[in-house]
Amino acid sequence: MLLSYAALRRLPVIVALTATPAAAQTPGDELFNARFPGAEVVAETSESYTEATFYTGPMKSAFETEARELLEGRFRQVHSSVPVGSSTLEVYRAYQREIEAAGFAPLFTCAKEPECGGRFPYLFATEREVRFAFGADFRFGLFELTQGEARELVHLLVQRPKADAPVSIVLEVMQTEAEAQVLEMLTASEIGAAIDSTGTAAIYGLEFESGSAALLPASEPVLREMAAFLNARPEAEILLVGHTDNVGALDFNIGLSEARSATVREALVGQFGVAGGRLTAHGVGFLAPKASNTSADGRARNRRVEMILR
């Protein structure tokens with residue numbers, strides 16, 4: 001049943017959204033399956049594991065923001081349109097009631113450019129490639145629900161380019177997982193024992209910038225142990241083989257894993273004096289997993305560099 005905002009305000013119990021028959025497993029699932037009465041879905045995206053930026057505060061200027069958080073997890077986005085006749089306030093309030101009733105708390109909400117610091121519809125139309133004409137009439141909200149170590153976030157953007165245009169709704173749900181277990185860093189002697197036993201040692205704790213081959217300073221203790229092993233075994237020739245999880249395309253991950261192993265080789269040669277001729281760098285992406293990629297712990301175990309004795 002389609003109810004106007006004025007009618008909804010007169011009801012003691014407000015039900016503004018309708019749900020699809022899809023089975024819901026979490027509060028975020030319920031919200032993702034909800035629709036404003038009369039709304040038509042324009043586009044829908046669902047990814048079992050990816051990364052997405054969520055906007056956490058007012059914009060720096062009309063078209064840019066530094067208030068953002070990069071999250072990883074299950075991501076879903078639905079873009080829908082409400083026919084002419086509803087206001088952005090009416091639509092936003094309907095979703096806001098459902099979001100907060102599901103247990104989500106607002107982290108940041110704003111209306112229109114002066115309050116928001118800039119135009120959030122621009123970010124969605126460009127950074128997120130949501131296709132709509134955008135204007136100055138918009139409302140934005142970020143909401144969070146934490147249950148134990150699990151975390152769900154909801155992005156809500158309601159906007160209209162002009163008074164006689166339909167209202168666009170972008171609803172996004174990100175379900176992050178608990179942090180994956182920290183995998184132990186091998187000492188030089190443990191690297192040697194593993195190679196003597198199996199011919200290979202899986203090296204964890206090498207940290208890189210997201211989507212990049214640039215090593216972070218936190219990697220230095222791991223590099224030091226790798227170098228100590230190599231200096232204790234000056235006769236050993238080693239293949240450095242990079243591995244990734246299965247997030248993203250295979251070709252990209254093969255290239256990334258090879259670039260990361262090459263960066264590790266450069267660090268061992270340049271910073272720790274290992275002879276470059278003893279090391280060769282390779283990458284296989286996610287072609288040789290050590291665990292299932294369906295969990296955070298499995299993906300963490302798959303992200304590694306292996307030292308293989310030639």
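The values are calculated or read from the model by the stated rules, or taken from the named source; none is laboratory data. Since we're looking at a predicted model, the values are computed, not measured. All Cβ positions, even for glycine, are placed from backbone atoms using ideal geometry, and neighbour counts span all protein chains on display. Just the protein is used for accessible areas: all its heavy atoms, side chains included, with ligands, DNA and RNA removed. Shrake-Rupley method; radii C 1.70, N 1.55, O 1.52, S 1.80 Å.
The set of residues in the range 59-91 that are on the phi > 0 side of the Ramachandran plot and either open to solvent by less than 40 Å² (accessible area, probe 1.4 Å) or assigned to a helix (DSSP H, G or I) (or both) contains only Gly73. Of the residues making up the range 262-286, those that are buried (at least 19 other Cβ atoms within 10 Å of the Cβ) and of a type outside the set (A, V, I, L, M) are Thr263, Arg265, Gly283, Gly285, Phe286.
Candidates are the residues of the range 128-144 that are outside any loop (DSSP other than H, G, I, E, B) and open to solvent by 20 Å² or more (accessible area, probe 1.4 Å); the one that is farthest from Tyr55 (Cα to Cα) is Asp137.
May I ask you to verify whether Ala94 is surrounded by 15 or more Cβ atoms within 10 Å (Cβ to Cβ), assigned to a helix (DSSP H, G or I), free of Cβ contacts under 8 Å to residues at least 60 places away in the same chain and of a type outside the set (Lys, Arg)? No, not satisfied. Of the listed requirements (1) modelled with pLDDT of 95 or more; (2) open to solvent by 30 Å² or more (accessible area, probe 1.4 Å), Ala24 misses just one: (1). Reported count of residues in the range 288-307, each being touching a residue at least 40 places away in the same chain (Cβ under 8 Å) and in contact with a helix residue (DSSP H, G or I) (Cβ under 8 Å, 6 or more places away or on another chain), is 5. Answer yes or no: is there a residue in the range 50-58 that is part of a helix (DSSP H, G or I) and in contact with a strand residue (DSSP E or B) (Cβ under 7 Å, 6 or more places away or on another chain). Among the residues of the range 50-58, not one is part of a helix (DSSP H, G or I) and in contact with a strand residue (DSSP E or B) (Cβ under 7 Å, 6 or more places away or on another chain), which makes the answer no.
So, in the range 207-255, of the ones that are loosely packed, with under 15 Cβ neighbours inside 10 Å and of a type in the set (A, V, I, L, M), which residue ends up nearest to the chain's Cα centre (by Cα)? The residue in question is Ala249.
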